[in-house]
Amino acid sequence: MRIAMISEHASPLAVLGGEDAGGQNTHVAELSAALAAAGHDVRVYTRRDAVDLPVTVRAADGYGVVHVPAGPAEPVGKDDLLPYMPAFGEWLAERWRVGDWQPEVVHGHFWMSGIAALAAGRRTGVPVVQTYHALGTVKRRHQGAQDTSPPGRIGHERELGRSVDRVVAQCQDEVAELVRMGVPRSRITVVPSGVNLATFAPLGPVAERDGVRPRILTVGRLVERKGFQDVIRATALVPDAECVVVGGPPAGLLETDAYALRLRALAGSCGIADRVKLIGAVPREEMGRWYRSADVLVAAPWYEPFGLTPLEAMACGVPVIGSAVGGLIDTVVPGRTGDLVPARDPEALGAAIRRLFGDRIRRFAYATAALDRARTRYSWSTTAERLAGVYGEVAAVRRPTRVVA
Ligand code: UDP
C-alpha cells in the first residue's frame, strides 16, 4: 500500500534524548522501516525545522521523509505548533491532489499531526488513522497547572477520535482513557509498538561497568514525569547499587541543564553522589550497550503512554521494575518478567530492586522470560503486519472526496 505517516514534530531522522525527541521518533522510524521491508511504499511527512533541509530525503531503511514547510524553518517547541497545522494539512492536500503520488491511507502520530492528516484526508478522500502517543487528559491530570499544552488540546483530541476512520491505541490503559473521553470503543484497535530485535539483543558490546556495583539503569528524556528523582531515592535504599541515567541533553550540556542539576543535588542530599551517573543523550545505535550493562532497568514514570525503553531492555534480556502505569501494565508481567509498583513510590521501588538483587534465581528467571516475551510478542514486523491489516480495512471503505474551499 501507499502509506503516508504524519509526524509533525517528531522526525524519524532526529537525534534522540532531547526534550521533544523520544519514543515517537523511534516509533515512526521503526514502523516505517518495517512497513517498507514488507513491501509497502511509505512516506513520512514532518515539519521542516531548518533552512538547509531538502524537501525529500530517502531514509536508509527504504522509506521517504518529506519536510513540510509549515511555520518557520527553525525548531519550534511542540506546544507552539498548533497554529501551523492548517498550513501543514493544506500543503499535504495540495501535494496529493496535484502530485504523482497519492496515499491510500494517512496515519497521524500525535494529536496535532492528526489535525493536519484529517484536514488533508477530508480534502482528498484518503482515509485517516490516528495514534495519539500521549493524551491531553492524562497530562492535565498529572501536570495540572504545569501542563503547557495548548488550551484546546483535549477538545481537539476528542473531536479527532470521533472523526477519523480508526484510532490505533498502544495499550489497554489508553483504550480506557479514550472511551472515558468519548471516543467510541468500536473505532479503537490496539496495536502495541514493537522493539528492534536486531539492535536490542542479549549479545553484543557492553558499556563499561564500575567495579562490582550492581547497576540500575534508567533511560529517558530528562523531564520530571519520567520519575528519575524517584529512581535516585530508591537507589539510596539499595546497598552498593549504582544508578545510571541515560538521556537528556548531550553529555557536554548536562552541566547547564536545570533538571540534571536538580538530580545531582538530590543524589548529594541522599548521600549517594558517587553512585549516581548522568550520561546524557546516547545515539540510538548505542543504546543496546547500556541495556546490556544493566542488572535491571528501572522505569518509574508518573504516567507513560507506552514506554519503549522497558521493551528495549527486555529484548536485551534485562528484567524491568517499573511503575504500574500505561503501557508498562501490558509489557511487564509482574512476578515473571519484572515487577510493577505504584508510581511516585521510591520506597516500593527500592524494596522491589533490593528483592531482585538479593535473589539470583529470580533475576535469571525474569531475564529469560523478559527476552522471550519481547521476542514473541513485540517485533516491529508483527506491529507492521497488524497495522497493515488496519490500513487495508479502512481503505476498503469507499469515501467521497470532499473538496473544502
Ligand atoms: N533514547 C535514545 N537515546 C537516549 C535516550 C533515549 O536513543 O539518550 C531512545 C530510547 O532508546 C527509546 C526512546 O528514545 O527508543 C524513548 O522512548 P520512550 O517511549 O521510552 O519515551 P518517550 O521519550 O517517548 O517519552
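The values are calculated or read from the model by the stated rules, or taken from the named source; none is laboratory data. This one's a predicted model, so the numbers in the text were calculated from it and none came from an experiment. Glycine also receives a Cβ, built like all others from the backbone with ideal geometry; neighbour counts cover every protein chain displayed.
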Query raised in the report: Among the listed residues Val206, Val175, Val183, which satisfies the condition of being under 30 Å from Gly125 (Cα atoms) and not in a helix (DSSP H, G or I)?
Result: Val183
Requested in this report: Looking only at region 134-150, decide whether some residue is over 18 Å from the mean Cα position of the chain (by Cα) and of a type in the set (Ser, Thr, Tyr).
Outcome: yes
Requested in this report: Looking only at region 222-234, count how many residues are surrounded by 24 or more Cβ atoms within 10 Å (Cβ to Cβ) and either of a type in the set (S, T, N, Q) or not assigned by TED's automatic domain parsing to the domain that holds Phe357 (or both).
Outcome: 0
Report summary line: Note on Leu160: of the conditions (1) under 23 Å from the mean Cα position of the chain (by Cα); (2) surrounded by fewer than 20 Cβ atoms within 10 Å (Cβ to Cβ); (3) in a helix (DSSP H, G or I), unmet is (2)
Query - Hey, Ala234 closer than 15 Å to Leu349 by Cβ, in contact with a helix residue (DSSP H, G or I) (Cβ under 8 Å, 6 or more places away or on another chain), more than 11 Å from the ligand (Cβ to nearest atom) and part of a helix (DSSP H, G or I) or not - result: yes
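Can you find even one residue in region 237-249 that is within 16 Å of the ligand (Cβ to nearest atom), touching an Asp or Glu at 6+ places or on another chain (Cβ under 8 Å) and not in a helix (DSSP H, G or I)? Spell out how you get there, then give the answer.
The first filter runs over region 237-249 and keeps only residues within 16 Å of the ligand (Cβ to nearest atom), leaving 243-249.
In the following step, the residues that additionally are touching an Asp or Glu at 6+ places or on another chain (Cβ under 8 Å) were identified as 248-249.
Then drop every residue that is not not in a helix (DSSP H, G or I), which leaves 248-249.
Within region 237-249 (the criterion being within 16 Å of the ligand (Cβ to nearest atom), touching an Asp or Glu at 6+ places or on another chain (Cβ under 8 Å) and not in a helix (DSSP H, G or I)), the answer is yes, since at least one residue qualifies.
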Requested in this report: List every residue pair whose Cβ atoms lie under 6 Å apart, where the two residues are 6 or more positions apart in sequence or sit on different chains, the first residue falls within region 71-100 and is in the same structural domain as Ala116 (by TED's automatic domain parsing) and surrounded by fewer than 17 Cβ atoms within 10 Å (Cβ to Cβ), and the second residue, located anywhere, is among the acidic types (Asp, Glu) and not in a helix (DSSP H, G or I).
Outcome: Pro75/Asp49
Report task. Report the residue count in region 246-297 for those that are free of Cβ contacts under 8 Å to residues at least 12 places away in the same chain and over 27 Å from Pro205 (Cβ atoms). Result -> 8
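Please give the strands (runs of 3 or more DSSP E) falling wholly within region 1-101 in which 3 or more residues are at pLDDT below 95, in contact with a helix residue (DSSP H, G or I) (Cβ under 9 Å, 6 or more places away or on another chain) and away from the ligand (no atom under 16 Å from the Cβ).
none
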Report task. Tell me which of these Glu255 doesn't satisfy, since it passes every other one: (1) more than 20 Å from Gly350 (Cβ to Cβ); (2) away from the ligand (no atom under 15 Å from the Cβ); (3) acidic (Asp, Glu); (4) at pLDDT 95 or above. Result -> (4)
